[in-house]
Every structure is written in structure tokens, then in C-alpha cells.
Amino acid sequence: MPSSFRKWSWRRRSTPLAVITLLPKLLRPKVKNKPTKQLTQSTSQTEPKCYTVEEAVETIGFGRFHILLFVIMGSANIVEALEIMLLAVVSPEIRCEWRLEDWQVALVSTMVFLGFMVFGVLCGYVADKYGRWKVVFGGFIWASYFSLLTSFSPSYGWFIFLRCMVGCGVAGTSQGFVLKTEFIPAKYRAFLLPLASIFWMLGSMLIIILGMTVVPTMGWRWMIRFSIIPSIILIGLFMFIPESARFQVSAGNIQGAMSTLNWIAKMNGATLPEGELREPEVVSMRSSFFFICLLEKNLLCMTDADPEHQIKHNQEEALCYCIPFNMADYQTLLISCLGEVALIPLNIGLLNIFGRKPSMVILLVLSAIFFMLVNICTTMFGFTVLLFLLRSVVSMNFNAVYIYTAEVYPTAVRSLGMGFCTSFSRVGGMIAPFIAQVLMSKSVILALSPFATACVICAVGVAFLPIETRGRALLVSIIIFSPTFLKTDFN
């Protein structure tokens, strides 16, 4: 074969390989190094600065706005405590008036938490779609209106229906915790959010004081009417709280978020970061207070050794639950309420040093221990001390759970996540009245064991949670992975 033909044939066979090899180099634009550097510099100079809501909140820091937020939104806890703890005071009164059985008294509390459970998810969805402020404000009005109607209940059936409606409104007010969390800088959340227990304690003490003063003279109906006064006051004060800037950005209302952040910065005497407000682009890849009070109410009848309580407990026609508390009983409840705030410094220390998950595990184990210790308590003094400690650790755990829930969910579904969690927690609130009202008369240890067992099971579950939120910024959205995204076609 001629050498020229061999040379031509070799070139023909190798041309595809050569083209494939050299094609990227041939198609690559020839740009000199110096103009490229100038282009990069000019691009960086013309690119506008931007910042996120998280950066704005951290830059503004803590100031007068957060004090106002803490007082007003903390007062929402007073309203919630009034509506929930009211049942513990009014239950013996309605039992006497309508001659109710144990299960009927327990059903009153169950209906309240049924309304809370059903509307918890709904309120969370509405809050994520239309705003936190609207849901919380509507919850205040709803709960106050139906609570007032409860005081005019002509029968037991009307009473449980109206209290169920009150529970629906309280589900809306509970979204105030999300609204409050989204305004507080990360390093202050573990300090400020546990202090909300102070307001819950004030609400619990207020309803107990109303029970001591109003019920003996004017009756339980007037006690309910007086209890809605804080709600009416709070409706006016709530006008000073703006909508969450995080929600406004997630809903596309950048201008509204800017107005909110500018107002907060002005009130705090701070300035916003330089640039425009933007959120990072996210690539979507498809891939227990009330039942403790019920236990207190029934345990008082079991442990109080004075003759009056012995007579009340032994006579079938005048059951313990039917005769109102005396002053000593109310004083015991007041002392136990102080337990909700006595260990707040310890709660803050646990959350900041150990984190959210370890704190919940420790507090749940302690709750189980104190629940079982109540079984062996024989003196009134020891019983009061145990109730004090029990309410302290339960209150601390309640705060830790709420803080963790608000921090672990992103802004787009934070209220919905909080709604789901609060709704499932009301299952315990629905079961607890039957344990406290029915089983307590049979056996103290039989009634308290389910609470201790639930605490142990929850502690194990918390230990396996995959995320720790201490010191972490609040998430904006979710990235969802899919097997189709990760699949590579090599054909």
C-alpha cells in the first residue's frame, strides 16, 4: 500500500477522536487574562448588596421592641392559662349544679382539647398562608366571645359545646409563640422564651384567686365573665405588634417586610444592614399543665387528712369533687403554681449549656421520677413540695418543647408544624381528665403510672431526634431530595 494512502487512511480513522478531543478547546472563547480580571472587578462593583431577614434580626439586636413584644405576647399566655386552668376550678361547681358523673366531668376537659386539637392544624395552615398576626388576633376574639357565652350555659350539653369552641380559639392564640420566636435574635431565644412561664403562672394564679373570691359569693358564671377581661385588654394591645417579617418575605411581600424591619430598627435605635432585603434562593429538588392541675385537685381530696375532706370522700351522695375547695386547698394550688417559675434560671442554663434535646431528656426523666414519688407521699407538706417540683420540671420541659418545635421547622411551614405538634399533644390532654377523674378514686398509683410511663417513652423518643437547634438560625424553606434527581443516565 502506498505510503500516501496509509497516511490518508490513518488520518481518516483518527479524525473523530481528534475532533472529540480538540472540540472543547476550539469552542472555548479566547479571552486574555487582563480583560477577564477587569470584567470580574467591574461585576463585583456593580453587583448590589443584599441581606436576609435573619441577618436583619441579628443586626437589630435586642431592644425596646422586644420588651414590648415580650410583655404583650407574654400576656397572651395569661389568657391561655385562664381559659385552660379555669376548668380545674369550675369542675366541682358544675358537677354539683348539674349532678354530673365522673366521666361527664372528664368530658368537659376532653371537649376543650378536642377543639384545640382539630383547630391546631387548621390554624397552623392558615397562619402559614395568610399570616401569624391574623390567626392570633382572631383567636383572641373567638376565645373571648365563646368564653363569655359559656357563662350563660343553660345546660351541661351547651356548656361542653361552648368550651369546645373556646378550645378552638385557644388553638389560634397558641400561634403567638411562633410570631414571638421569629422576631427574637438567636442568642436571646433560650433566655427570653422560657420566661413566658411567668405569664402562665400569673394566669393560673389569677384564676385561682378568682375562684377563692368570686365563686363563694357570686358563683362560677361571674368568675368566667371576670376572666375574659384580660382578653379584651389584650385585643387592644395586640395592635402594637406587627406581622412577622419572615412570613412577609416567604409570602413575597418584601415591601411589607422592609417596613416592619425599619420600624423595629427605629424603635430599637439600630440600623438595618446595607443593601436590599432578599431571601436566599432555594432549589426545590423533588426526590402538660392542665392535667397536672386536675391531679392536684383530686389528690388534695385523697391526701388531705382533715375531717371535712374525709367525710367528702367517703359519702357517696356528696363526692369529693362535688364540694368546693376550702381556703387551704386554694393555697396549696397557689403554692404549686409558683413552681412554674421557681426553676427558670435552671431551665435557661440547661438550654444554653446542654442544648434543647438533652434538656428535654433530663426533664422528662425527672418528671417520671416525681410522678412516682407522689405515690409514696403521706404528709400534706411533702405532697405540696412534690407538686411544686413536679410543676417546675413539667413547665421547664413544656418551654423546651415549644422552643425546639419553633426552631426546627422552616418559615414556610413553621406554624403548620407547630399546629400539628400542639394538636397531637392535646391527645394527652383529652385522656388525662379521665385518668384524673375516674382512676384516681380507684388507685393513686394506677392513675399516676400512665403519666410516668409516657414521660419515659417520650424521653427515649427525644433522644433519637436527628436535629439539635441550639445556636442555629431559623430555616427559611425546605430542600426535598428525590431519587430521580440523583439518578444519572450513562446510556
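The values are calculated or read from the model by the stated rules, or taken from the named source; none is laboratory data. On a predicted model such as this, the values are computed, not experimentally measured, just so you know. Don't worry about glycine lacking a Cβ; one is built from the backbone with ideal geometry, like all the others, and counts go over all protein chains shown. The area values use the complete protein model at the heavy-atom level, side chains included, leaving out ligands, DNA and RNA. Shrake-Rupley method; radii C 1.70, N 1.55, O 1.52, S 1.80 Å.
Packing around the peptides 106-115, 135-144, taken as the average count of other Cβ atoms within 10 Å per residue, puts them in this order, highest first: 106-115, 135-144. For region 192-278, GluC sites (Glu not before Pro) are listed when DSSP marks them as loop and at most 12 other Cβ atoms sit within 10 Å of their Cβ; the list is 274. Dividing the radius of gyration of the alpha carbons in region 158-217 by their Kirkwood radius gives 1.13 for Rg/Rh. Ranking of 271, 150 by solvent-accessible surface, largest first: 271, 150 (1.4 Å probe, protein heavy atoms only, all chains present). Principal axis analysis of the Cα atoms in region 124-190 yields extents of 50, 26, 14 Å, listed in decreasing size. 3J(HN,Hα) couplings calculated from phi for region 124-138 with the Karplus curve 6.51 cos²θ - 1.76 cosθ + 1.60 (θ = phi - 60°) are, in sequence order, x, 5, 5, 5, 6, 8, 10, x, 6, 4, 4, 5, 5, 5, x Hz; Gly and Pro show x. When the Karplus curve 6.51 cos²θ - 1.76 cosθ + 1.60 is applied with θ = phi - 60°, which whole-Hz ³J(HN,Hα) does each residue of region 408-418 get, with x for Gly and Pro? 3J(HN,Hα) across region 408-418, in whole Hz: 7, 8, x, 4, 4, 10, 5, 5, 5, x, 5. Protein heavy-atom surface of region 68-223, 1.4 angstrom probe: 75% of the accessible area is carbon and sulfur, with nucleic acids and ligands not counted. Summary of packing: across the peptides 126-133, 94-101, the per-residue average of other C-beta atoms within 10 Å ranks them, highest first, as 126-133, 94-101.
As a ratio to 2.2 N^0.38 Å, the alpha-carbon radius of gyration computed for region 374-455 takes the value 1.38. Surface calculation, 1.4 Å probe, protein heavy atoms: residue 225 sits at approximately 50 Å² accessible. Across region 209-275, Cα-Cα pairs more than 21 Å apart make up 53 percent of the total.
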